[in-house]
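Encoded as structure tokens, the structure appears first; notes follow it.
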Amino acid sequence: MLSARAARRRSLGCLLALTTMVGGAAAIAAGPASADSVRDAQQWVLDAVNAPAAWQVTQGQGVTVAVIDSGVNPDVSDLIGSVITGPDYSGLSTPPTNPNWGMHGTWMASLIAGHGNGFDSGISGIAPRAKVLSIRVLPDKPDPAAGFAGDPAYKQYQHEPPGEAQRALAKAIRYAVTQHASVISMSLGYGGSSQVVRSALQDAFDHNVVVVASSGNSGDSASDRGKSQAPYSYPADYPGVLGVAAVNQAGNPAWFSSGNLSVQVAAPGVHVPAQGRDGHIWVVKGTSPACALTAGVAALIKSKYPDLSAALVVRAITSSAQHRPPGRYDDRVGFGTVDAAAALAAAARLTKYLPDGRGLATSSHFGGGAAAIPPPPVQPRKVGPLVLFCLLATACVAMTAIAASRFVLVRPHGTDAGGPASPVLTWVPPAGSQPAGSQPDGTGPDTAGPETAGPETAGPETAGPETAGPDGAGEWPTITLPVYRDAVTREGRVTAEQQDPGQGDRE
């Protein structure tokens, strides 16, 4: 982990998750250790993630894991034949032959794909038959307490432009995608986010690549400052990336491991044996080895279920984690410690829900689509009932109009001195019935009937104004309101006798 002084030099953030060595040079021996002592020292790590049980299902064959780090020495004994050397994006001049080149990256590669000397000696990675694609993006930091001089170009790296390291990381991610890596392991971190890195990660997700990153080693400094959470580390905190914290041999959170919401799972990160670029066995600590071990578990899943989506691989690992904390989540260990065998079983269950792990086609509909929607509780109206309804409505309107036509509101021509003339409400007889004394085309108020009978023909059918038959054949009553002189009705001109005797001629 870089010092606070170095962090101030890099405005976009510093490397947070580089592994720190345990005090002393090589923890097991200054030179190559015996085979049995190496495996004995490593066995607790393999058991902690339940790797031996997972090896009964797969050992990572057919999978390439991109290790974006300080470089990997392909010639160490536990990695011979397993390393593909990729480009160097660090922009530094240190050659791979330098004894201080690629120490950290070689440690991580041995934890992912180390094959040892069989299954009884040497360092065994979690996916011992996987391939490692080495992509260099940064140098190793010196650690005098561990007797490690560090990369000669480390000081030069500290003075690079702020965005240069992030652009190098983005190039490495994109290169890993072009080389068809199934998993990307990044045991590194920056204090700030980057758009170019975020874009490169999206490219990885679009190509179904599982991305794993360490969540940082700032836990102890956060507790010293009295903060509840450690600073976030990128790329662990980017959406879609599986962030990993560190636990000790007892399964408790490591004191240095960053506690924040980027943590999804945890893995061993204290006293972890790993092979260095010099061929020696080193004991390392940090969230870096925890990240590499988890990347090995992801490689096992992709080996067994190559078509399972990256998101479902992450779900398989998080949902099957062991030693779950109270409340099922904790920002120090996430959902628990990774369990390789349980993760493979969870991945198998996920493939049953989605054939081949490919997910649903974009043309599919959740829940069956429109065909699965139940019919509405009220059936739509058909044409026949709608026509009948319209006919009934028309008949009702016609009957209302006929009834209303029995009353006629008449407005007279004249007006009195106080305003408009008052209307006359007159009853109109039904069609075919002509009241006596009424003649639309008559010559005056004294015309007798429709035949204009003379005085000799005054029979029962020439009823005068006073006559009325029992069956309504006589004169219909006329309801007449007071009117002014010369008011006009449908029966003709009103006579002087029909006027209100109290009304005079006001014209």
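The values are calculated or read from the model by the stated rules, or taken from the named source; none is laboratory data. If you're wondering where the values come from, they're calculated on a predicted model, not measured in any experiment. Cβ: placed from backbone, ideal geometry, glycine included. Neighbour counts: every protein chain shown. In case anyone asks, the SASA skips ligands and DNA or RNA and just uses the protein heavy atoms, side chains included. Shrake-Rupley method; radii C 1.70, N 1.55, O 1.52, S 1.80 Å.
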Among residues belonging to the stretch 315-327 that are free of Cβ contacts under 8 Å to residues at least 60 places away in the same chain, farther than 20 Å from Gly240 by Cα and not in a loop (DSSP other than H, G, I, E, B), point out the one that is farthest from the chain's Cα centre (by Cα). Pro326
Give just the number: which of (1) touching a helix residue (DSSP H, G or I) at 6+ places or on another chain (Cβ under 7 Å); (2) farther than 30 Å from Ala340 by Cβ does Phe205 not satisfy? (2)
Among (1) of a type outside the set (S, T, N, Q); (2) open to solvent by 10 Å² or more (accessible area, probe 1.4 Å); (3) outside any loop (DSSP other than H, G, I, E, B), where does Ala246 come up short? (2)
Go through the stretch 121-139 and report how many residues are touching a Ser or Thr at 6+ places or on another chain (Cβ under 8 Å) and in a strand (DSSP E or B). 5
Out of (1) closer than 26 Å to Ile301 by Cβ; (2) hydroxyl-bearing (Ser, Thr, Tyr); (3) more than 33 Å from the chain's Cα centre (by Cα), what's the single condition that is false for Tyr154? (1)
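Do we have Ala236 as of a type in the set (A, V, I, L, M, F, W, C), free of Cβ contacts under 8 Å to residues at least 40 places away in the same chain, at negative phi and part of a loop (DSSP other than H, G, I, E, B) here? I'd like the intermediate steps shown before the answer.
Values: of a type in the set (A, V, I, L, M, F, W, C): yes; free of Cβ contacts under 8 Å to residues at least 40 places away in the same chain: no; at negative phi: yes; part of a loop (DSSP other than H, G, I, E, B): yes.
Considered against the rule, which asks whether it is of a type in the set (A, V, I, L, M, F, W, C), free of Cβ contacts under 8 Å to residues at least 40 places away in the same chain, at negative phi and part of a loop (DSSP other than H, G, I, E, B), Ala236 comes out as no.
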Can you name every residue in the stretch 295-312 that is closer than 16 Å to Ala236 by Cα and in contact with a helix residue (DSSP H, G or I) (Cβ under 7 Å, 6 or more places away or on another chain)? Ala295, Ala298, Ala310
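Keeping to the stretch 249-272, report how many residues are assigned to a strand (DSSP E or B) and closer than 15 Å to Pro231 by Cα.
1
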State all residues of the stretch 246-299 that are among the aliphatic types (A, V, I, L, M), touching a residue at least 60 places away in the same chain (Cβ under 8 Å) and more than 18 Å from Ser185 (Cα to Cα); if no residue qualifies, say none. Val247, Leu261, Ile281, Val283
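Every residue, every condition in (1) open to solvent by 60 Å² or more (accessible area, probe 1.4 Å); (2) modelled with pLDDT under 95, yes or no:
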| site | (1), (2) |
| --- | --- |
| Asn73 | no, no |
| Thr97 | yes, yes |
| Ser110 | no, no |
| Asn117 | yes, yes |
| Ser121 | no, yes |
| Lys131 | yes, no |
| Lys155 | yes, yes |
| Pro161 | yes, yes |
| Ala168 | no, no |
Those residues that are open to solvent by 40 Å² or more (accessible area, probe 1.4 Å), part of a strand (DSSP E or B) and under 19 Å from Leu188 (Cβ atoms), I need them from the stretch 75-95; list them, please. Thr85, Asp88
Give all pairs with beta carbons closer than 8 Å in which a residue from the stretch 181-209 that is of a type in the set (D, E, K, R) meets a residue that is surrounded by 18 or more Cβ atoms within 10 Å (Cβ to Cβ) and not in a loop (DSSP other than H, G, I, E, B); count only pairs at least 6 apart in sequence or on separate chains. Asp203/Ile173; Asp203/Val177
Enumeration of residues in the stretch 328-354 that are more than 16 Å from Lys304 (Cβ to Cβ) and either part of a helix (DSSP H, G or I) or modelled with pLDDT under 75 (or both): Arg328, Tyr353
Determine if the stretch 212-223 includes at least one residue that is touching a residue at least 60 places away in the same chain (Cβ under 8 Å) and of a type in the set (A, V, I, L, M). yes
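For Ser288, indicate whether it is touching a helix residue (DSSP H, G or I) at 6+ places or on another chain (Cβ under 9 Å), among the polar types (S, T, N, Q) and part of a helix (DSSP H, G or I). Even if it seems obvious, please write down each step before you answer.
Working: touching a helix residue (DSSP H, G or I) at 6+ places or on another chain (Cβ under 9 Å): yes; among the polar types (S, T, N, Q): yes; part of a helix (DSSP H, G or I): yes.
The answer is yes for Ser288.
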Condition set in a loop (DSSP other than H, G, I, E, B) and within 28 Å of Arg39 (Cα to Cα), scope the stretch 142-153, selection least open to solvent (accessible area, probe 1.4 Å): answer is Gly150
